[in-house]
Amino acid sequence: MTSAREHTTPEGANGSVGVRGRLLDSAYTVILAGRWGRLRMADIASDAGVSRQTLYNEFGSKEGLLQAVVVREAESFLDGVMDIFTSHRSDPVQAVGEATRWTLASSAENPLLRAIITGDDALLPVLTTRAEPLHVALGERMRAFMADSWPSLGERADDIVEVSLRLTLSYVLLPTDPDQAARRVELVVRSLLASAREAASS
């Protein structure tokens, strides 16, 4: 899994890490330390060695910064999901099920997710009521992959992505057995595909 040490931005040609990466790294560390609710944007900017205005220019608000940290973490999860999809191109149902199983098993050990779920009230909405940036970032890559790998799914691919994302995130927030959750997601996806085939043949 991704660790705090792995959350560093590659060095650029001038030998310095990118400003955005430094800010995300600083925020990540603050969240894990349980200090997010008490910290000011000026503190994060100072820790990253930039001005407060630079921080606001990059993310707009403290919540925008938090969402960016979560999206970056989610992208590392999605890299693993894409690898699973690639190895199961012959069966979209199995691909989604295996991806769900892996995501849930991995998220249980992820320090950022644990910190958000068990942390103060300011953190959790980024995974619930204000999770749109997360859904958009993940959904775009998954839809693009499905359109390329399983073009016969047509518009049903959007349904599969939407339902799979929402179900998987709900299981992340309220953990259960990954195998059981994967079977349930597979059942839903299989039902969606069956209804699509019936509609196409009628």
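The values are calculated or read from the model by the stated rules, or taken from the named source; none is laboratory data. Because the structure is predicted, anything quoted here is derived from the model rather than measured. When we count neighbours, we look across all protein chains shown, and the Cβ atoms used for this are built from the backbone with ideal geometry, even at glycine. The accessibility values were calculated without ligands, DNA or RNA, using every heavy atom of the protein model including side chains. Shrake-Rupley method; radii C 1.70, N 1.55, O 1.52, S 1.80 Å.
Let me check something: with ligands and nucleic acids excluded, how do THR168, THR86, THR118 order by accessible area (1.4 Å probe), largest to smallest?
The ranking, largest first, comes out as THR118, THR86, THR168.
Take each uninterrupted DSSP H stretch in the chain, measure its Cα extent along the helix axis, and return the ones at 30 Å or beyond whose mean Kyte-Doolittle hydropathy is at least 1.0.
Going by DSSP H runs, there are no hits.
Students often get this wrong, so try it: which of (1) 30, 26, 20; (2) 35, 18, 15; (3) 30, 21, 15 is semi-axes √(5λ) of the Cα gyration tensor in Å as calculated from the structure shown?
Derived directly from the coordinates: (2).
Put a dot 7 Å past each Cα toward the Cβ at MET82 and ALA194; how far apart are the dots in nm?
In this crude spin-label approximation the distance works out to 3.3 nm.
Compute the Rg/Rh shape ratio of region 65-171: radius of gyration over Kirkwood radius, all on alpha-carbon atoms.
0.97
Roll a 1.4 Å probe over the protein chains and send me the accessible area per residue for region 117-202 in Å².
57 Å²
Which order, highest average first, do 25-35, 45-55 follow once you tally other Cβ atoms within 10 Å for each residue and take the mean per peptide?
Going by the mean number of other Cβ atoms within 10 Å, highest first, we get 25-35, 45-55.
Are there any GluC sites (Glu not before Pro) in region 72-131 that are in a DSSP loop and have at most 13 other Cβ atoms within 10 Å? List them by number.
Of the GluC sites (Glu not before Pro), the ones in loops of region 72-131 whose Cβ has at most 13 other Cβ atoms within 10 Å are GLU109.
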